[in-house]
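Just so it is clear, none of the values below were taken in a lab; they were calculated from the coordinates. Quantities reported herein were computed from a predicted structural model and do not represent experimental measurements. Neighbour counts are summed over all protein chains in view; Cβ atoms, including those assigned to glycine, are modelled from backbone coordinates with ideal geometry.
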Amino acid sequence: MLGTGPFAVPTLRRLAAAQHEIVCVATRPPRGRRAEKPPMQAAAEELGISVWQPETVNDEAAVAELRRLQPELVVVCDYGEILKPEVLAVAPLGAINLHGSLLPKYRGAAPVQWAVLNGDAETGNTVFQITPGLDAGPILGSDRIAIDPDETAGQLEARLAQRGGELVLSVIEQLVAGNARPIQQDRSQASKAPRLQKEHGQIDWSRPAVSINNQVRGLDPWPRAYTDWQRAAANPLRLIIHRARVVETPDAGVVPTDPGTILEAGPRLLAAAGDGVLELLTVQPAGKRAMTAAELLRGYPLAVGQQLGSRSDRPAAPGSVWG
C-alpha cells in the first residue's frame, strides 16, 4: 500500500483487520528538520507492517524493490506522487486508488476541499484503476454521501476516510473474484481540484455571503480564510476566520452598503458581503488564539462602519483563484 497522509490510515487499518497480507507500506519521507512522522508510517509501525520511504517510487531502484516484494495488487491513497507505467505494471492486478470525490468530478489534490468551497450538496469516494492520466482511470466502485451544510472540509474528509476502507475492501474482493466491472470515466464531465495555496484564503467581500461561508468551511483546517481589519489609527490587522454563518435578511440578502463593512459590533459581529450578511463566529487575530466574536469584541475595538478586507479589494476578475 502506498500512502502518506491521514486520509489513507483508515483504509490501511481496514485491510489489516480483513487479514489481507500487506507486504509493505510505502510513504513519502518526512521533509525538513522538524518534520513529523507521516500518519501512515505511524499506523503501519503500530500494526507491525514494514515501512519503506523511497525518495521516489518511480526510479529504477524503487521499481526493482517493488518487483522483489511481488505484490498481487498495489493500493494507493493520499500518497503524493504520480506513478509511472513501470510501477503500475508491477502487480498482476495493477494499482487502484481511493479518491475523495465522485469522479470524474474533482480530479486532483484537493477534491474534498473544492466540493465544500463550491457549496456542493453531496460528494463521495471513488476507487479507480490507476492509469497514466491524472485520476482518469476506469471506476471500480463509488460511495455517495451528503455534505452537511455546516460541515468543514476537515470534518468531511474524516468521514470519507472512515468510509473509504470498506469501499476499497469491496473492490479488492471483486478483483480477486474476477467479477470487477470497470466503468470508463466521462471526460466531458471532468473538473479539476488543484492543490490549495495560502492565497485561496483571502476573502473577497464582493462575493455572496454564502460563497464566503463556503470558503471558511472549505479551507478549514488549512489554509484558513482570512481578512484584514482596516483600523483608523493603526496598520491593518489580519483576522483568520474559523467559523461563520450566513444571516438571513428581510430584503432577500441585498445590503445597501459597501462589501466588507461592519454592520454590527456587539453582541454579534456582522459584515456586509456582495450579496447578504455574514456573521463571524470564531475569529483569530494574527499571533493570538482563536476566540468567539464576543471575546474578540471585548479586546479589540471593532466598530460599525469600519472595513474588512484589503484596501484594494475589487470584485474577483476572470483568472483569479476563484475563476
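In order along the stretch 165-171, the phi-based Karplus estimate (6.51 cos²θ - 1.76 cosθ + 1.60, θ = phi - 60°) of 3J(HN,Hα) comes to x, 5, 5, 4, 4, 4, 5 Hz; Gly and Pro are listed as x. Full extension of the chain between Asn179 and Ala146 gives 9.0 nm of extra length, using 0.36 nm per residue less the Cα-Cα distance. Amide hydrogen proximity for Leu269: with H placed 1.01 Å from N in the peptide plane, the residues at 5 or more positions away or on another chain lying under 5 Å are Leu280. The alpha carbons of the chain occupy a box of 68, 44, 34 Å along the principal axes, longest dimension given first. Excluding same-chain neighbours fewer than eight residues apart, the lysines reachable from Lys192 by a Cα-Cα span under 29 Å are Lys84, Lys105.
If you bin all the Cα-Cα distances of the stretch 6-189 at 5 Å, starting from zero, the percentages per bin are 1, 8, 16, 20, 21, 17, 10, 5, 1, 0. Tell me which lysines have Cα within less than 28 Å of Lys288's Cα, excluding those fewer than 8 residues away on the same chain? Hits, sequence-local ones excluded: Lys37, Lys198. According to the Kirkwood relation over distinct C-alpha pairs, the hydrodynamic radius of the stretch 65-164 is 14.3 Å.
Site pair Leu134 and Gln53 shows an inter-label distance of 2.7 nm when each label is modelled 7 Å from Cα along Cα→Cβ.
Dividing the summed helix terms, -39500 (n - 2.57) for each DSSP H run of n ≥ 4, by the number of residues in the chain produces a 222 nm estimate of -7500 deg cm²/dmol to the nearest 500.
Sequence-distant contacts, meaning Cα pairs under 8 Å at least 6 residues apart, place the relative contact order of the chain at 13 percent.
Per residue, the convex hull spanned by the Cα atoms of the stretch 198-308 measures out at 93 cubic angstrom.
Using the Karplus relation 6.51 cos²θ - 1.76 cosθ + 1.60 with θ = phi - 60°, the per-residue 3J(HN,Hα) values for the stretch 96-107 come to 10, 10, 9, 10, x, 7, 8, 4, x, 6, 6, 6 Hz, with x marking Gly and Pro.
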